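Enquirer: This structure is in structure tokens; I'll ask about it shortly.
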Amino acid sequence: MNGPDADFIIIGSGPAGVSAAFPLIAAGRRVLMLDGGDDAGSQEESRSVRILGSNLESLRTDDGGSPKLQTPTAREILQPFRHQSGIAGDGFIPIGSLARGGLSNIWGAQISYLDAEDIADWPIDIGSLQRSYEHVAKRIGISRNADVTTDANGEPVLPLGATAAHVLHRHQAARPADGSFRLFPAVNAILSQARSGRAACDLRGDCLYGCPSGAIYNSRQDVLLLRKSPHFRLLDNMRAVSLTRSSGWTVGTADGSSFSAPRIILAAGVLGTAALLADLLPIDEQGLRLLNSPTLAIPLLSPARLLRSPTATHSLAQLGLSLRYGDGASDYVTGAIYEVGTLPAQSFINRMPLGRKAGRAAFELIGGSLLVATIYYPGNQSRSYIRRDATAKKGLTIHGGFAEGFDIRAEALKKALRREWKRLGLIQLPGASLAEPGIDAHFAGTLPMGASGPFGTSSEGELNSHPGLHIVDGSTLPDLSSKYVTMTIMANADRIAHRLAETEENSAV
Ligand SMILES: Cc1cc2nc3c(=O)[nH]c(=O)nc-3n(C[C@H](O)[C@H](O)[C@H](O)COP(=O)(O)OP(=O)(O)OC[C@H]3O[C@@H](n4cnc5c(N)ncnc54)[C@H](O)[C@@H]3O)c2cc1C
Ligand code: SF4
């Protein structure tokens with residue numbers, strides 16, 4: 001009989017998968033990464049193809065949803081997951097990817113860090129998470145926007161757009177009395193300084209269509225680094241469809257191949273991992289609780305910036321914000337403010353109750369003074385469940401919804417935000433909307449660390465009911481704060497992989 005194909009098989013090459021791979025190969029473990037997608041949609045395509053699509057798909061009418069999800073790259077990575085994962089949505093948009101790099105091909109790259117209060121109920125200590133935050137931050141490159149050109153250490157920073165800088169100055173001049181509202185320059189995984197294989201941001205603002213210079217972090221970049229190690233192997237177009245246990249674990253793939261290893265690390269994204277585990281877990285009528293962040297988008301106008309042109313900056317988040325709405329540890333929302341003037345005119349025109357010509361004229365007139373705020377609630381304000389559903393083709397349906405009393409809290413929050421916009425000299429425009437659950441793509445909590453029973457996992461992400469199966473994506477986060485989740489997913493994957501590398505070392509001794 002043949003021996004195992006590797007010490008660890010990692011399923012998925014998104015931010016979680018690559019973050020788990022680095023510590024393992026550094027410790028000399030043999031890692032085989034299987035990904036259901038391939039290198040298609042890489043940013044090496046020409047600018048016109050990135051923006052228009054190879055079949056001019058950008059010229060099709062959009063559906064009024066997030067402009068980010070309608071770009072050619074987004075269509076290319078989301079559609080295979082939609083068609084092949086076997087997950088349907090009922091009041092929920094099941095966002096997942098089948099592509100090298102996963103959703104990091106299209107993410108907004110905004111970074112948040114959890115603190116000790118955020119992880120009070122987790123079976124891990126904040127020190128170990130912070131160490132992993134540092135490992136990941138060093139690897140992926142993180143910068144902060146500012147209205148200066150260098151920071152205190154003389155390092156270049158990315159310039160804030162003029163409208164965002166204006167709003168930040170107003171905030172700093174008149175802070176709210178109770179300090180519950182915070183506004184600050186956004187922290188993004190964008191390079192302000194070139195590093196090997198990646199250029200610094202050129203401020204041309206094409207970010208919506210994917211970053212051609214590699215300034216925005218995408219875990220494909222890490223795959224290239226990992227491939228330099230003799231301990232690492234990646235196989236593309238290997239969609240895992242089954243997991244079976246004998247002496248170790250065997251992964252069966254859609255093309256009929258199989259690969260075995262003593263331990264499997266699942267990093268297929270929360271929805272991809274749920275689909276893969278569906279036959280191993282007793283998912284009944286009640287289903288698996290899935291945490292996601294209810295999301296609100298609010299258009300804003302800065303009258304002081306009317307008729308001014310936007311200044312050169314990237315088109316990702318300019319400012320970050322947070323606002324408390326209750327006394328509980330997680331009772332706060334976070335969010336980001338984007339400058340609309342740096343986004344393509346079309347995404348504004350498509351969303352205005354005006355004709356094309358009038359829409360374009362309006363954009364030219366007021367585009368530089370428009371902002372959009374995106375606000376995220378914590379996951380406990382969602383009520384979404386993954387259920388086995390006899391009517392769905394392969395059996396899983398996600399039913400989306402909101403926590404009881406959410407509408408009352410949402411109204412109170414909107415009122416509190418309106419006060420803050422006023423203080424910042426901003427006018428809230430009509431059209432604020434609560435997105436359909438799922439569109440946030442911030443998912444967590446299906447297989448929480450520290451929980452007992454068949455759906456629980458250990459602090460190393462190992463399924464209680466299936467030793468040797470470790471999960472390192474958002475599935476194992478016990479709760480979902482309103483903060484951006486990916487940095488924590490990556491840090492947790494790094495932390496788990498360090499622990500696994502140490503454990504294996506000790507057992508070898
Ligand atoms: C439009 C958008 C904007 C976002 N902006 C932000 C942001 O600003 N900040 C933030 O923190 N987060 C953001 N996110 C969320 C972020 O992208 C995800 O949290 C992150 O990508 C999750 O990483 P992951 O590795 O767990 O999963 P994914 O990125 O989903 O990667 C999963 C990987 O698994 C592979 N895979 C799936 N199923 C299988 C299978 N059966 N077999 C083999 N391989 C499989 C896929 O090909 C992929 O490589 C955004 C998401 C979207 C969609
Ligand atoms: S402006 Fe956007 S797309 Fe251009 S280099 Fe900077 S981050 Fe990349």
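The values are calculated or read from the model by the stated rules, or taken from the named source; none is laboratory data. The shown structure was predicted, so the numbers you read here are calculated from the model rather than taken from an experiment. Using ideal geometry, Cβ is built from the backbone for each residue, glycine included, and neighbour counts are taken over all protein chains shown.
Enquirer: Look at Gly474 and say whether it is outside the structural domain of Thr334 (by TED's automatic domain parsing) and either buried (at least 20 other Cβ atoms within 10 Å of the Cβ) or polar (S, T, N, Q) (or both). Can you show your working first?
Expert: Details: outside the structural domain of Thr334 (by TED's automatic domain parsing): yes; either buried (at least 20 other Cβ atoms within 10 Å of the Cβ) or polar (S, T, N, Q) (or both): yes.
So Gly474 passes the test.
Enquirer: Does Ala199 satisfy the condition of being under 27 Å from Ala373 (Cα atoms) and not β-branched (Val, Ile, Thr)?
Expert: Numbers: under 27 Å from Ala373 (Cα atoms): no; not β-branched (Val, Ile, Thr): yes.
Answer is no for this residue.
Enquirer: Same structure, new question: If you go through the range 123-143 one residue at a time, do you hit one that is of a type in the set (Asp, Glu), surrounded by 15 or more Cβ atoms within 10 Å (Cβ to Cβ), part of a loop (DSSP other than H, G, I, E, B) and at negative phi?
Expert: Residues of the range 123-143 that are of a type in the set (Asp, Glu), as a first pass: 125, 134.
Retained after the next criterion (residues that are surrounded by 15 or more Cβ atoms within 10 Å (Cβ to Cβ)): none.
No, every residue in the range 123-143 fails to be of a type in the set (Asp, Glu), surrounded by 15 or more Cβ atoms within 10 Å (Cβ to Cβ), part of a loop (DSSP other than H, G, I, E, B) and at negative phi.
Enquirer: When the range 184-214 is examined, which residues are found to be closer than 21 Å to Pro310 by Cα and near ligand 2 (Cβ under 7 Å from one of its atoms)? Steps first, answer last, please.
Expert: Going residue by residue through the range 184-214, those that are closer than 21 Å to Pro310 by Cα are 184-188, 190, 192, 200-211.
The answer is Ile190, Cys201, Asp202, Leu203, Arg204, Gly205, Asp206, Cys207, Cys211.
Enquirer: While we're looking at this one, here's another question. Which one of Arg305, Arg289, Arg263, Arg239 is at pLDDT 95 or above and either more than 30 Å from Thr397 (Cβ to Cβ) or within 16 Å of ligand 2 (Cβ to nearest atom) (or both)? Let's see the steps before the verdict.
Expert: On the way: Arg305 fails: at pLDDT 95 or above; Arg289 fails: either more than 30 Å from Thr397 (Cβ to Cβ) or within 16 Å of ligand 2 (Cβ to nearest atom) (or both); Arg239 fails: either more than 30 Å from Thr397 (Cβ to Cβ) or within 16 Å of ligand 2 (Cβ to nearest atom) (or both).
Exactly one residue qualifies, and that residue is Arg263.
Enquirer: I'd like to verify a number: residues in the range 390-441 that are more than 22 Å from Tyr325 (Cβ to Cβ) and aliphatic (A, V, I, L, M), how many?
Expert: Summing the residues that are more than 22 Å from Tyr325 (Cβ to Cβ) and aliphatic (A, V, I, L, M) in the range 390-441 gives 7.
Enquirer: Please verify whether Ala297 is within 15 Å of ligand 1 (Cβ to nearest atom), in contact (Cβ under 8 Å) with a residue 12 or more places away in the chain and under 30 Å from Ala501 (Cβ atoms), treating the condition exactly as stated. Write out each step before concluding.
Expert: Details: within 15 Å of ligand 1 (Cβ to nearest atom): yes; in contact (Cβ under 8 Å) with a residue 12 or more places away in the chain: yes; under 30 Å from Ala501 (Cβ atoms): no.
Answer is no for this residue.
Enquirer: Within the range 215-232, take every residue that is surrounded by 21 or more Cβ atoms within 10 Å (Cβ to Cβ) and either more than 23 Å from Ala491 (Cβ to Cβ) or of a type in the set (Val, Ile, Thr) (or both) and give me the one that is farthest from ligand 2 (Cβ to nearest atom).
Expert: This residue is Val223.
Enquirer: Sticking with this structure for a sec: Against the condition more than 26 Å from the chain's Cα centre (by Cα) and either among the β-branched types (Val, Ile, Thr) or within 16 Å of ligand 2 (Cβ to nearest atom) (or both), how does Thr244 come out, does it pass? Show your work before the answer.
Expert: Details: more than 26 Å from the chain's Cα centre (by Cα): yes; either among the β-branched types (Val, Ile, Thr) or within 16 Å of ligand 2 (Cβ to nearest atom) (or both): yes.
The answer is yes for Thr244.
Enquirer: Also, quick follow-up: Of the residues Pro430, Pro448, Pro454, which single one is on the phi < 0 side of the Ramachandran plot and either buried (at least 20 other Cβ atoms within 10 Å of the Cβ) or in contact with a His (Cβ under 7 Å, 6 or more places away or on another chain) (or both)? Break it down into steps so the answer makes sense when it comes.
Expert: Numbers: Pro430 fails: either buried (at least 20 other Cβ atoms within 10 Å of the Cβ) or in contact with a His (Cβ under 7 Å, 6 or more places away or on another chain) (or both); Pro454 fails: either buried (at least 20 other Cβ atoms within 10 Å of the Cβ) or in contact with a His (Cβ under 7 Å, 6 or more places away or on another chain) (or both).
From the options Pro430, Pro448, Pro454, the qualifying one is Pro448.
Enquirer: Among (1) more than 30 Å from Gly400 (Cβ to Cβ); (2) touching a residue at least 24 places away in the same chain (Cβ under 8 Å), which single condition is Ala240 missing?
Expert: (1)
Enquirer: Go over the candidates Ser112, Ser97 one by one and state the one that is in a loop (DSSP other than H, G, I, E, B), farther than 20 Å from Ala491 by Cα, in contact (Cβ under 8 Å) with a residue 40 or more places away in the chain and assigned by TED's automatic domain parsing to the domain that holds Ile398.
Expert: Of Ser112, Ser97, the one residue that is in a loop (DSSP other than H, G, I, E, B), farther than 20 Å from Ala491 by Cα, in contact (Cβ under 8 Å) with a residue 40 or more places away in the chain and assigned by TED's automatic domain parsing to the domain that holds Ile398 is Ser97.
Enquirer: Answer yes or no: is there a residue in the range 457-474 that is part of a loop (DSSP other than H, G, I, E, B), without any contact (Cβ under 8 Å) to a residue 24 or more places away in the chain and out of contact with any Pro (no Cβ under 9 Å at 6 or more places or on another chain).
Expert: yes
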